[in-house]
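Enquirer: Below is one structure. I have some questions about it.
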Amino acid sequence: MSQETDHGKWTVSSSDESADDDDGEKPSTSLPHEAGRGKEGEPHFPCSEARKTALKRKSSPLKHQDGSFPEELAPSQKQKPPEEGLGWCLSSSDGEEEEEVKVQKGKEDATANGRQTEYCTALKEQGRTQKPVLGQESSEPSEQQVQDAWDLLSGRNPFRFFLTKVKGIKSKYNLGALHIKDILSPLFGTLVSSAQFNYCIDVEWLVKQYPKEFRDKPLLIVHGEKRESKAALHEEAHPYKNVRLCQAKLDIAYGTHHTIWLSPLYPRLPPGTAASDGESHTMFKTDLISYLMSYNAPALSEWVEIIKQHDLSETRVYLLGSTPGRYQNNEKEKWGHLRLRKLLKDHATQVLDQNSWPVIGQFSSIGSMGADQSKWLCSEFRDSFASLGNSVKSLTNHDIPICLVYPTVENVRQSLEGYPAGGSLPYSIQTAQKQLWLHSYFHQWSAETSGRSHAMPHIKTYMRASPDFQKIAWFLVTSANLSKAAWGAFEKNGSQLMIRSYELGVLFLPSEFGFDTGYFEVKESMFSDGPVSSFPVPYDLPPEKYGNKDRPWIWNIPYTRAPDTHGNMWVPK
């Protein structure tokens, strides 16, 4: 099918049309070459087509044809770029050659390999454990750095909100960040067993992140792979006798397993204590157990029993999850955007002139929103995210602004990894061409506050900011992208909520941290020594709206007009 618009022409096979609720993150079902050992340039572990493309381009880069390379690069052979007939003309001017780029972020690592972006969580957002290629290893911590991480976690940080370390940025911006090896360090105690919940998993890399003395400890990996990709994962895990795999059942099409939160250390309750003890004011323990039970997996029932034996009473965040299913009546308010709506109504505080406080969403992938904004984004999504306190006034949400932060092509092109960083930003042309209206809500990725403007984000965050962007009424870090699959969508005239994916996040509310003002002050700089009470938002506020020539990064079209930071082009196939 061909379509021409103000933004260019696309040619798309009807067989490639994505499902309405697909957020672009579904894994490839093709089996890696030779049972888990990929061909040169291909991953040996299951991952999405976008990430496969990024890994291929890293191992077999296509140099830009006109010789416009960064000075420090000495490109050898230049390959002629393929025809651009399928390209999305991302520049509004044919004379401009710099307008087609952007990329990455760190949902748990950032780019196609997953080591270079930022990960955030209420203690640390562990990521898509993917193995770097071509020596692009992120800075791994030394013994002193691990000790520094311990000091960081033991210091004055009431929010326990951290980014992951990024290679290629100034060292001062990594001083307050963590590496997965920091979390697994013996400084935190002697590891007995562990469970990893991830979307895209490289078992070999993951095992190596554990200290040598812990690498034979029981490790449960919870995944969402199916068919050939599941077989490939089992093949990869086979050499590790201590590794067990647990499949998250995704019975509704186009669902994904996306959970990614790692908790702080919790003390064990005294023997004989009731299972209901050790609960926090936020009911975190109950909600975590409910989430794990939703998998209906015996391997996770064991972890439920372990959690029951521990004291989670000091937790000050609310757990917010999504699990696949169709929910009615009171069950609807347990999951997805309706869970957020209930939490904000019951526990958030109204603020002065709150209808002028915009909702900000920042994410790394986008699903189908429908033919116009009224179909989901500016109806049920905004109604939930704009809730604030339990009053009639809070129901008039139709005028509340929405700002969506998603990297531009230029963001990706100028990123640390260049175009391959876009492999972790799987917004597809099939979805984008059906919702050009959405792009008017987009704002650029900029993170000078954390030194990560050139590290493409895979983190997903949502917040409610004041008109001057100096305050936020709440902050959410989650695995949920901007999609109906992740947050849920109404069916049967609103009587039923349908969710396709597993997601998990934590919600920060001022009242749980002793603030009765109804808001957090925004920290001026992410790693500054400002007031402990200021919240460390990891990117710049206010977000900058897309300019006339800015276009959102789309992974499955070519970018050949201008080279990236490594002198390369991007050609998906």
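The values are calculated or read from the model by the stated rules, or taken from the named source; none is laboratory data. Computed from a predicted model, the values in this text were never measured in an experiment. Here the Cβ is made from the backbone with ideal geometry for all residues, glycine too, and neighbour counts use every protein chain on show. These accessible areas exclude ligands, DNA and RNA; they are computed on the full protein's heavy atoms, side chains included. Shrake-Rupley method; radii C 1.70, N 1.55, O 1.52, S 1.80 Å.
Enquirer: Compute the Cα gyration tensor for region 212-370, then decide on rounded, prolate or oblate, letting a ≥ b ≥ c be the square roots of its eigenvalues: rounded whenever a/c is under 1.5, prolate when a/b is larger than b/c in the other cases, and oblate in all that remain.
Expert: Details: a/c = 2.03, a/b = 1.24, b/c = 1.64.
Oblate is the answer for region 212-370, as a/c is 1.5 or above yet b/c matches or exceeds a/b.
Enquirer: A follow-up question, please. Using DSSP, restrict attention to beta bridges with both residues in region 397-488 and report what percent are antiparallel, rounded to the nearest 5.
Expert: Approximately 75 percent, going by the DSSP bridge assignments.
Enquirer: Stretched out fully, how many nm does the piece from ASN157 to ALA299 gain, at 0.36 nm a residue minus the Cα gap?
Expert: 47.8 nm
Enquirer: Subtract the Cα-Cα distance of SER440 and ASP372 from 0.36 nm times their separation in residues, and report this length gain in nm to one decimal.
Expert: 23.3 nm
Enquirer: Tell me, how many Å apart are the Cα centres for region 155-204 and for region 262-338?
Expert: 22
Enquirer: Here is a further query. Considering only protein heavy atoms and a 1.4 Å probe, what is the carbon-and-sulfur percentage of the accessible area of region 320-389?
Expert: 43
Enquirer: Okay, next question. Under 5 Å between amide hydrogens, which residues at least 5 positions from GLN496 or on another chain qualify, with H placed 1.01 Å from N in the peptide plane?
Expert: GLU491
Enquirer: Right, another one. Would you please give the residues with an amide H less than 5 Å from that of TYR406, counting only those at least 5 places away or on a separate chain, with H modeled from the backbone geometry?
Expert: Long-range HN contacts for TYR406: HIS443, TRP445.
Enquirer: Right, another one. For ASN493 and LYS208 in the same chain, what is the full-extension length gain: residue separation times 0.36 nm, less their Cα-Cα distance, in nm? Could the numbers behind the result be given before it?
Expert: Working: separation 285, 0.36 × 285 = 102.60 nm, distance 4.98 nm.
Net length gain for the segment: 97.6 nm.
Enquirer: Leaving out ligands and nucleic acids, and using a 1.4 Å probe, what accessible area per residue does region 419-502 come to in Å²?
Expert: On the way: 1730 Å² over 84 residues.
Per-residue accessible area for region 419-502 comes out at 21 Å².
Enquirer: On to the next question. Could you pull the accessible area for ASP346 with a 1.4 Å probe, rounded to 10 Å²?
Expert: For ASP346, the solvent-accessible surface is approximately 80 Å².
Enquirer: Right, here's the next one. Positive end of the charge dipole of region 329-410 (Lys, Arg +1 and Asp, Glu -1 on Cβ, about the Cα centre): tell me which of TRP357, SER379, TRP335 has its Cα farthest that way.
Expert: Final value for the positive-end residue is TRP335.
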